[in-house]
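Engineer: To start, I am sharing the structure in question, which I have written as structure tokens.
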Amino acid sequence: MPSLSSSSMLLHRSQRLARAWPQSSAPSARFPTTCRAFCSSKPLASSSPSSAPATPLAPATPPLKPSAPMKVLLHSCCAPCSGAMVEKMASDGHKVTIFFYNPNIQPRKEYEIRKQENIRYAERLGIPIVDADYDVENWMARTKGMEFDPERGRRCSVCFDMRMEVTAQYAHDHNFDCFTTTNATSRWKDTQQVNKSGLQAAAKFGFRPYYWVYDWQTDEMTARKYRINAEQRFYKQEYCGCTYSLRDSNLWRKQQGIAPVKIGGEEAGLGTRYYEDAEADAAEESQEVV
């Protein structure tokens, strides 16, 4: 059997767990064994802009499709990253609740804009949304000493860990079957880094709920994501979210002679304020540009 990359093995294990879940409504010998398989591989190394690109998560055969409807808690970083995931889950019969917990988003004005876009979309679809605490002080304390780490570095891992831990706790306390995050769809993020945090959070609860690993960045899903964004005319954020990414984005823009990031208002510092053209928006946020 050919060797699998760490990311492919991670996805393969998640698929096995998803198939095992419907037969495991009560604790059994089989289910904990499947859960322990998640922890058997070595931790995935965090990547940085200077490192070689990570191997993308490619669906194994067969693709992940849970054999029964699930109660899913979807951690959402923003509405633009949520649209296609929510639509796919709902169309497959899953009961989805959106969980908005993002103390990394700063300043508060930007946080409120992104949260309201999430609420607007959830209300349009008739999907419940949980508005969690904005404990930015805790986030700042946990990332202290990492203020100058690069994007996709240690600070991002800590940020994912914090948000996935709170999401997993809520999912556990409210009897969700599984949880996952829209960060896994973002081209700004390292998917392996995101999934590692999710799996670690699920492990703290014995994988009840489990963390749903899937390749949410397929060409089909990505194209649908940008079509929904344009249809909904979502607010287009100009940086990842935290105060350090805002600082670094503006520093880069200054070096390139580009106007600084604008928060709110009808005009963006660069590009359009809202998603309007699916193809143009996708090109603007391509891997090459990001």
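Engineer: Dipole size in debye (nearest 20) for the range 200-273 around its Cα centre, Lys and Arg Cβ +1, Asp and Glu Cβ -1?
Structural biologist: Around 200 debye, computed over the range 200-273.
Engineer: Let me ask another. Which value, in debye to the nearest 20, gives the size of the charge dipole of the range 73-187 about its Cα centre, when Lys and Arg are +1 and Asp and Glu are -1 at the Cβ?
Structural biologist: Magnitude of the dipole: close to 300 debye.
Engineer: Something else: Can you run phi through the Karplus equation (6.51, -1.76, 1.60; θ = phi - 60°) for the range 253-261 and list ³J(HN,Hα) in whole Hz, with x for Gly and Pro?
Structural biologist: After applying 6.51 cos²θ - 1.76 cosθ + 1.60, I find 4, 4, 5, 8, x, 9, 4, x, 4 Hz.
Engineer: Sticking with this one: Taking R0 as 25 Å, what FRET efficiency do you get between Arg273 and Trp252 from their Cβ-Cβ distance, rounded to the nearest 0.05?
Structural biologist: 0.80
Engineer: What does the extension gain come out to for Asp173 and Glu112, with contour length at 0.36 nm per residue minus their alpha carbon separation?
Structural biologist: Full-extension gain reported as 19.4 nm.
Engineer: At what distance in nm do the modelled label points of Glu123 and Arg187 sit from each other, each positioned 7 Å from its Cα along Cα→Cβ?
Structural biologist: For Glu123 paired with Arg187, the spin-label model returns 3.1 nm.
Engineer: For Phe99, what residues show an amide H to amide H distance below 5 Å, using hydrogens built from the backbone and excluding near sequence neighbours?
Structural biologist: Close amide H contacts, sequence-distant or interchain: Leu74, His75, Ser76, Val130.
Engineer: Work out from phi, with θ = phi - 60° and the Karplus expression 6.51 cos²θ - 1.76 cosθ + 1.60, the ³J(HN,Hα) of each residue of the range 149-154, listed in order in whole Hz, and give x for Gly and Pro.
Structural biologist: 5, x, 4, 6, x, 4
Engineer: According to the Cα gyration tensor, what semi-axes, each the square root of 5 times an eigenvalue, does the equivalent ellipsoid of the range 156-281 have, listed from largest to smallest in whole Å?
Structural biologist: 31, 18, 13
Engineer: Can I ask one more? From the cross-link list Lys95/Lys115; Lys144/Lys225; Lys204/Lys236; Lys196/Lys236, which pairs have alpha carbons spaced over 32 Å apart?
Structural biologist: Table pairs above 32 Å Cα-Cα are Lys144/Lys225; Lys204/Lys236.
Engineer: Please list 3J(HN,Hα) in residue order for the range 88-95, calculated via the Karplus relation 6.51 cos²θ - 1.76 cosθ + 1.60 where θ = phi - 60°; whole Hz, with x for glycine and proline.
Structural biologist: Once rounded to whole Hz, the list reads 5, 5, 5, 5, 8, x, 7, 8.
Engineer: Convex hull volume of the Cα atoms in the range 72-162, per residue, in Å³?
Structural biologist: Here the figure is 99 Å³ per residue.
Engineer: Can you tell me the accessible area per residue over the range 153-213, all protein chains present, probe 1.4 angstrom, in square angstrom?
Structural biologist: 28 Å²
The values are calculated or read from the model by the stated rules, or taken from the named source; none is laboratory data. From a predicted model like this one, the values you see are computed outputs, not experimental measurements. No Cβ is skipped: glycine too gets one built from the backbone with ideal geometry, and neighbour counts run over all protein chains shown. Quick note on the areas: whole protein, heavy atoms, side chains included, nothing else; ligands and nucleic acids left out. Shrake-Rupley method; radii C 1.70, N 1.55, O 1.52, S 1.80 Å.
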